[in-house]
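Report on the following structure.
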Amino acid sequence: MSKTKRHLLLISLFLPAIFCNTFSQNPIIRDQFTADPSARVFNGKVYLYPSHDIRKDTGRFATWFCMEDYHVFSSENLTDWTDHGVIVSQDEVNWVDPASYSMWAPDCIARNGKYYFYFPSNFKERYGRGFGIGVAVADKPYGPFTPQPEPINNVHGIDPNVFIDNDGQAYLYWSAGKIFVAKLKDNMLELASEPKVIDNLPTEGLIEGPYLFERNGNYYLTYPHVEYETERLEYAMGDNPMGPFRQTGVIMDESPTGCWTNHHSVIEYKGQWYLFYHHNDLSPHFDKNRSVRIDSLFFNPDGTIQKVEPTLRGVGLTLASENIQIDRYTSKSAIGSSIAFNDSINTFEGWKTILDMPNAWIKYNAVDFGNKKIKSVQVKAKSLKGGTLQIRLDKADGAILCEVKIPKGTGWNRMNSNIFTYQAGIHNLIVILKDGNPVEIDWIRFNY
């Protein structure tokens, strides 16, 4: 075997470990910061095009957004996400100021066998002041993408969004204090009409991040808007992609923890609608480092959108044989149960569940046990005085799967326990503290 072939083989062996992240809970990406998610369905798979927050502790970026490139992620089940790596960097784009770190919210669309990735950034000085919007083109949804040498002419702003109507006409939306729209030429690189301000939207408070989709003949223009102190997700409805629109309602309320921004996209996948959005889960004290979340979205019979309540559990099934992160819970007892970071300095290490009162409990929905009999459970946990966990199915007085004794100690242990009973199919898990000695739990996994 030649040296080149050996090198390529080694690369192929290591790629899955480098690029695969498996999470079915919120946030969905936990090895880097991701924000402003644009989700698209291409070839039966969901592709996610977020912006990429990074941290710099010097200059204005110590307190402001700092983004230098874009990754793309993909999934077939909204549970297992693959990171395909960097697709566009500020250093590779001719017209972008490489010191601006302003690669903000992007979007991507497919047309005529090509994929068009739209992104905003600060101009180099010779192009003028402010933000422009550029396009990178690829033959595959994960790239490689080639940036066009010039930004789109006559477009000044941020947060590009592209929509192709049923008649084939493409539209570009963006924001710059207000929300603008223009038709695109068939080449997807130039405007086919003059920019138009979309009227009848909020006139007070910041409005940005347009995202338009169509359902049953209704056009939904969705956008973040600061009605009070932080952004909430709102929408307007109309009969035409260029409006007029009527303000209709709120998709998601302001963050209860004060995250100043939210930014989103809406897709239908395998018969279910989903809202992709972001929150500062992994950076609770600095809301310029955000992380992407997903929750299901539903419509009323009249076509209006039901308000989405953000969850930690997120969407998708979790296989019983995977590490079940019960800290991404569906519900928990009002007292005696809490969540904390495993490492408050390195938040990418994730969270743990703390049960510290008798009968305190936490519930995790939608675990798929399949049809093959499970023999045992493994729990990663610790308890200073030693404690006992009880794992039940579906409800607090449901079938007892097992009891797990956690030994005394300050470090993490992995305990195995036999299963009392087995039930095939999809179930909810309830983990209960049987005695009063506090127990911290990292994850639970079932073994066949």
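Rule-based calculations on the coordinates, nothing more; no lab input. All values reported here derive from a predicted model rather than from experimental measurement. Ideal geometry is used to build each Cβ from the backbone, glycine not excepted, and the neighbour counts take in all protein chains shown.
What the Cβ-Cβ distance of Asn428 and Gln306 gives, at R0 = 22 Å and to the nearest 0.05, is a FRET efficiency of 0.50. Across the range 42-54, computed HN-Hα scalar couplings (Karplus, 6.51 cos²θ - 1.76 cosθ + 1.60, θ = phi - 60°) run 10, 6, x, 10, 8, 10, 10, 10, x, 7, 10, 6, 10 Hz from first to last residue, x flagging Gly and Pro.
Where Lys and Arg each count +1 and Asp and Glu each count -1, what net charge lies around Asn418 among other residues with Cβ under 11 Å from its Cβ? Net charge around Asn418: 0. At q = 0.21 Å⁻¹ the log10 of I(q)/I(0) for the range 122-213 amounts to -1.15, computed by Debye summation with a single uniform scatterer per C-alpha, solvent ignored. Placing R0 at 22 angstrom, the Cβ-Cβ distance between His285 and Ser100 gives a FRET efficiency of 0.30 after rounding to 0.05. Cross-link pairs exceeding 21 Å in C-alpha to C-alpha distance, out of Lys45/Lys352; Lys352/Lys434; Lys183/Lys307; Lys56/Lys178; Lys380/Lys405, comprise Lys45/Lys352; Lys183/Lys307; Lys56/Lys178. Fully extending the segment from Val41 to Phe299, taken as 0.36 nm per residue of separation minus the present Cα-Cα distance, adds 90.9 nm. Place +1 on the Cβ of every Lys and Arg and -1 on the Cβ of every Asp and Glu in the range 23-297, take the dipole about the Cα centre, and give the residue among Ile109, Ser265, Asn289 whose Cα lies farthest towards its positive end. Checking the options against the dipole of the range 23-297, the answer is Ile109. Each label was represented as a point 7 Å from its Cα along the Cα-to-Cβ direction; for Glu204 and Glu229 these points are 1.7 nm apart.
Our note on the geometry: Cα centres of the range 150-195 and the range 29-99, 21 Å apart. Can you list the residues of the range 423-445 with backbone N under 19 Å from a point 7 Å past the Cα of Met415, pointing along Cα to Cβ? Only 429-445 pass the distance filter.
Calculate, in whole percent, how much of the Cα-Cα pair population of the range 360-448 lies beyond 18 Å. Cα-Cα pairs in the range 360-448 separated by more than 18 Å: 39 percent. Applying both filters, DSSP loop and at most 15 other Cβ atoms within 10 Å, to the trypsin sites (Lys or Arg not before Pro) of the range 337-445 gives Lys372, Lys373, Lys375, Lys385, Lys395. Placing +1 on each Lys and Arg Cβ and -1 on each Asp and Glu Cβ, with no other charges, gives the range 318-447 a dipole about its Cα centre of roughly 340 debye. Binning the C-alpha pair distances of the chain at 20 Å intervals from 0 yields a P(r) profile of 24, 51, 23, 2 %, listed from the shortest bin outward. Placing a pseudo-label 7 Å from each Cα along the Cα-to-Cβ vector at Glu194 and Asp253 gives an inter-label distance of 4.4 nm.
Need the C-alpha centroid separation for the range 334-372 versus the range 272-303, integer Å. Cα centres, the range 334-372 to the range 272-303: 20 Å.
On the beta carbon distance between Glu268 and Asn371, with R0 = 35 Å, the FRET formula returns roughly 0.75. Partner lysines whose Cα lies under 26 Å from the Cα of Lys185, excluding those fewer than 8 positions away in the same chain, are identified as Lys114, Lys124, Lys140, Lys196.
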